[in-house]
């Protein structure tokens, strides 16, 4: 009752009844708060020690260690330092996916759950100013342009998360917008013609994860993804299908892109093929700008025969009908270009 009166009467009552000056419940609250704080910081230190020990231990069963690391990630989702160490340990203790590998049977039962944990950490720290605030993509891009200390840690965390996700098979359609937006943050909003070597490394791994997710999706998943998610995928494909005659890059940017050109273009063709397989709208990839980007990429004479053939295989999947499109005569142009360059092979 004393706490409910105004401060003047509160002081009068406390002067008359000094025994009420200190309330027992308040002492208990302060004591419990101090105990909780000490326990919290002790658990954080123990978590970091556990991660370091498991990263250095090469004899223990990796399945058990990976499970422990994922539990730590779920227990401390807001601690950037713990998450960076956890991702490095997770990457080192996770074997690459290979079908039929008995050591990775547990992925068949829990891969999507583990992937959701990593995607959640990616969204929490990459797309938000603080772990528990709302999404704010523009402010995060500005922070990476300035290259603040937090942005450096977020880049290290994103690098570890992408590396860990690429190593095991999973399908989480709802995470596709998070992947696309995170890439914009990691590259500080730079367009493809201005991307640097590190930017293309993030872009290549993002494309790999997009392709992995699309490979396990069907039309219902694409519908649930919504218009915004589908447009993000289409925009990603269209702006990154960089043909030889469409390159407006500086020397340094071109050299960085050239290192990833073939594997990256191959993955983009895989994404296109999967979209054609699962699309619920017949005009998803049949817009003029998208068809022009595909045509320019296929006609690129600097690509290897294998990549060119993979691009040509897409033509049979497109429902073009009798209407004119930028893809008209693409096969003839490829043959003529190879013939003129004396590079026409039986494969083509």
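FYI, it's all coordinate maths here, none of it is from the lab. Computed from a prediction, not measured in an experiment: that's the story for all the values here. FYI the Cβ positions are ideal-geometry reconstructions off the backbone, even for glycines, and counts take in every protein chain you see.
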What order do you get for 69, 233, 145 when you list them from fewest to most C-beta neighbours inside 10 Å?
145, 233, 69
Going by a ≥ b ≥ c, the root eigenvalues of the Cα gyration tensor, does region 185-348 fall in the rounded group (a/c under 1.5), the prolate group (a/b larger than b/c) or the oblate group?
oblate
A student applying the Cα gyration tensor rule (rounded when a/c is under 1.5; otherwise prolate if a/b is larger than b/c, oblate if not) would label region 192-231 oblate
Sorted by Cβ neighbour density within 10 Å, fewest at the top, the residues 308, 288, 117
288, 117, 308
Region 185-348 - percent relative contact order, Cα under 8 Å, separation 6 or more
27
